Amino acid sequence: MQLKYYLTDIFSDHEFASIDRQWLNSEVELQEVVDLTAFIESCEYESRNVKIAGPSRKKDWEWGWKGNGITNEFPDFPNIPYYFKKNTHVRIGQQVFEDKTKLTELKLLRMIQDIAFSHIEKENFDAIIEYGAGTGHNINYLKSKFPKVFYGADWAQASVDKMIKEGVVSASQSFCVDYFTQSSFKEPKEKYCAFTNASLEQSGSCFKEFMRFIVDSPSCRAGVHIEPMWDLISPHSALNRASIRYMKKRGYLDGFYEFMRAQNIDIICKKDFGLGSKYLSGYQLIVWIK
């Protein structure tokens, strides 16, 4: 069945119009999980000893982006993080499905990225920088959509080296930025849009200095953040509450939306899409402009 038929209650008409048809029309085989109570209990048991986000994880990401956490097994999706391959389930609204076709989560992410960048006027900036770019697979996708200058930054030197080696960005357009180290903060020389995708999550509640850096910069004209933000999730369902518990257990972003509301910006989109992977619906979105 085409993926779009699972998403009729997820996206608005405007959002559907923003999405590349290759994702909507892609064929997937999804098997619904009927017993959500048992599924949630199983997930919570499996994740009882998860690693906590924070600066101590930097060595793990250095190890991963050297090649240990990257897969090229899927010709249509080269150079992607291994965790996409490992994911066995997807969350769509208040349903969970076993993903028999693999990488449905990544297709859903591409949809959210299409929607996110549809909200901002591209003429207002000349460059896009992804902070926490990892393998650079998001940059490669966005490069196919927008004629902009692209920059890639990550706290792991292995990521920067990999992006340069793979030709994702040039050496002059890539650098190390550690959310926990203010002296490492860097930005493009052009007017730019700042983009993060499941990377600010590692900062917990220590994102404020970095966000002030880009919000206060005259060169930064907009921001797009696709991150697990538990304060944008309504706790009305068992599945949502399980996502919130998992985010807090991992030490993911704490109070991000409330912080951004207090900044001198216009938040033009905030949304919980109700989309995610086995353990959480972790794709919340904030888009802002100056």
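The values are calculated or read from the model by the stated rules, or taken from the named source; none is laboratory data. Bear in mind the structure is a predicted one, so any value in this text is a computation, not a measurement. A quick note on method: Cβ atoms are made from the backbone with ideal geometry, for glycine too, and the neighbour counts reach across all protein chains shown.
Taking the criterion of being assigned to a loop (DSSP other than H, G, I, E, B), among the basic types (Lys, Arg) and on the phi > 0 side of the Ramachandran plot, would at least one residue in the range 148-157 satisfy it? Checked against the condition, which is being assigned to a loop (DSSP other than H, G, I, E, B), among the basic types (Lys, Arg) and on the phi > 0 side of the Ramachandran plot, the range 148-157 yields no hits at all.
Within the range 12-49, the set of residues being in a helix (DSSP H, G or I) and β-branched (Val, Ile, Thr) comprises Thr37, Ile40. Pairing each residue of the range 136-165 that is closer than 12 Å to Gln113 by Cβ with any residue that is of a type in the set (D, E, K, R) and not in a loop (DSSP other than H, G, I, E, B), provided the two are 6+ apart or on different chains, yields C-beta distances under 8 Å for Asn138/Glu130; Ile139/Glu130; Tyr141/Arg110; Leu142/Glu130; Lys145/Asp114; Phe146/Lys122.
Residues checked against (1) over 24 Å from Met211 (Cβ atoms); (2) of a type in the set (A, V, I, L, M, F, W, C); (3) touching a strand residue (DSSP E or B) at 6+ places or on another chain (Cβ under 8 Å); (4) without any contact (Cβ under 8 Å) to a residue 12 or more places away in the chain:
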| site | (1), (2), (3), (4) |
| --- | --- |
| Arg57 | no, no, no, no |
| Lys86 | yes, no, no, yes |
| Lys102 | yes, no, no, no |
| Lys122 | no, no, no, no |
| Ala133 | no, yes, yes, no |
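Taken together, the criteria exclude His119 from residues that are within 24 Å of Gln202 (Cβ to Cβ), out of contact with any Leu (no Cβ under 7 Å at 6 or more places or on another chain) and modelled with pLDDT of 95 or more.
Taking the listed residues Ile40, Ile52, Ile19, the one that is closer than 18 Å to Glu105 by Cα and of a type in the set (A, V, I, L, M) is Ile19, with no other qualifying. A count restricted to the range 115-172 and to residues that are surrounded by 23 or more Cβ atoms within 10 Å (Cβ to Cβ) and of a type in the set (D, E, K, R) stands at 3. Restricting attention to the range 181-230 and to residues that are among the polar types (S, T, N, Q) and assigned to a helix (DSSP H, G or I), the residue that is surrounded by the fewest Cβ atoms within 10 Å (Cβ to Cβ) turns out to be Ser183.
Residues that are over 28 Å from Leu142 (Cα atoms) and of a type in the set (Val, Ile, Thr) within the range 212-247 comprise just one, Ile244.
Among the residues of the range 240-257, are any among the polar types (S, T, N, Q) and buried (at least 17 other Cβ atoms within 10 Å of the Cβ)? Within the range 240-257, one or more residues are among the polar types (S, T, N, Q) and buried (at least 17 other Cβ atoms within 10 Å of the Cβ).
Which one is nearest to Gly274 (Cα to Cα), of the residues in the range 15-45 that are without any contact (Cβ under 8 Å) to a residue 24 or more places away in the chain and not polar (S, T, N, Q)? Among residues in the range 15-45 that are without any contact (Cβ under 8 Å) to a residue 24 or more places away in the chain and not polar (S, T, N, Q), the one nearest to Gly274 (Cα to Cα) is Phe16. Looking at Ile19, Ile10, Ile92, just one residue is touching a helix residue (DSSP H, G or I) at 6+ places or on another chain (Cβ under 6 Å), within 25 Å of His236 (Cα to Cα) and either at pLDDT 95 or above or small (Gly, Ala, Ser) (or both), and that residue is Ile92. When each of Ser203, Ser170, Ser184, Ser217 is tested for being among the polar types (S, T, N, Q), touching a Leu at 6+ places or on another chain (Cβ under 9 Å) and modelled with pLDDT of 95 or more, the lone residue that passes is Ser203. Among the helices (runs of 4 or more DSSP H) confined to the range 50-133, the ones with at least 2 residues that are within 15 Å of Ala198 (Cβ to Cβ) and either among the hydroxyl-bearing types (Ser, Thr, Tyr) or touching a Phe, Trp or Tyr at 6+ places or on another chain (Cβ under 8 Å) (or both) are located at 82-86, 104-117. With respect to Tyr246, is the statement that it is aromatic (Phe, Trp, Tyr), under 27 Å from Val90 (Cα atoms) and either touching a residue at least 40 places away in the same chain (Cβ under 8 Å) or part of a loop (DSSP other than H, G, I, E, B) (or both) true? Judged against the criteria, Tyr246 is a match. Taking the range 169-204 as the range and being under 18 Å from the mean Cα position of the chain (by Cα) and of a type in the set (A, V, I, L, M, F, W, C) as the test, the residues that pass are Val177, Cys193, Ala194, Phe195, Ala198, Leu200.
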